[in-house]
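Data first, discussion second: the structure below is written as structure tokens.
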Amino acid sequence: MDFKIDTRDTFSVITPVSETITANLTDELQATFEKMRQSGSLNFIVDFQECKNIDTAALERLVAMHEECYAMGRSLVFTGTKGKVLAALKDAEIDTIINVAPKMIEAVDIISMEILERDLFGEEQEDA
């Protein structure tokens, strides 16, 4: 699978170049997260703007990726979902479990707010 990757100061944007989100694509996305974490990227936005379909097996893997990121104290936001992809997320009620932002600017805002919350929460823990 091909991914377009744009690394910023506090997050990286990964855009799959594929029409369908498959289980294989999510596996490769997970492997990409791991490689990028080792090089210092900790928070991710996955932009599905080029994806028009999603396999049902991929839905569960999106949830697993989301849960894994948050268990490590990191952020993951999916954006660019539309049409059949957004409908599948809503039908499976996954859009209420994972972070789905309609536009990139909103995904960036979610990442920024979560980083700020973690920083503030960390300071409160140190003061206690």
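I need the chymotrypsin sites (Phe, Trp or Tyr not before Pro) found in region 43-128, filtered to DSSP loop residues with at most 14 other beta carbons within 10 Å of theirs.
Passing sites in region 43-128 do not exist.
Between ILE105 and LYS84, what's the calculated FRET efficiency when r is the beta-carbon distance and R0 is 22 Å? Round to 0.05. Working shown, then result.
Working: r = 24 Å, r/R0 = 1.07.
About 0.40, to the nearest 0.05.
With an 8 Å Cα cut-off and a minimum separation of 6 or more residues, compute the relative contact order for the chain in percent.
Reported relative contact order: 22 percent.
Going by alpha carbons, how many degrees (0 to 90, nearest 10) lie between the helix axis of 56-71 and the longest principal axis of the chain?
Tilt of helix 56-71: around 10 degrees.
Which longest uninterrupted range of the chain lacks any GluC sites (Glu not before Pro) assigned by DSSP to a loop state (not H, G, I, E or B) and surrounded by at most 11 other Cβ atoms within 10 Å?
20-92
Would you please classify the overall shape of region 1-63 from the alpha carbon gyration tensor, given that a ≥ b ≥ c denote the square roots of the eigenvalues, rounded means a/c under 1.5, and beyond that prolate means a/b larger than b/c while oblate covers the rest? Please list the in-between numbers first.
Values: a/c = 2.21, a/b = 1.64, b/c = 1.35.
Because a/c hits 1.5 or more and a/b exceeds b/c, region 1-63 counts as prolate.
Working out 0.36 nm times the residue gap between MET36 and VAL63, then minus their Cα-Cα distance, what length gain in nm do you get to one decimal?
7.8 nm
Taking loop as defined by DSSP and a crowding limit of 15 other beta carbons within 10 Å, which trypsin sites (Lys or Arg not before Pro) in region 56-121 fit? Mind dumping the intermediate values first?
Working: sites: ARG61, ARG74, LYS82, LYS84, LYS90, LYS103, ARG118; in loops: ARG74, LYS82, LYS103.
Listed in order of number, the matching sites are LYS82, LYS103.
How far, in degrees from 0 to 90, does helix 23-38 lean away from the longest principal axis of the Cα atoms of the chain, to the nearest 10?
30
Based only on other Cβ atoms within 10 Å, what is the fewest-to-most ordering of LEU120, LEU29?
Placing the least packed residue first, the sequence is LEU120, LEU29.
We did not get these values from a lab; they are worked out from the coordinates using the rules stated. Please read all numbers here as calculations on a predicted model, not as lab measurements. No Cβ is skipped: glycine too gets one built from the backbone with ideal geometry, and neighbour counts run over all protein chains shown.
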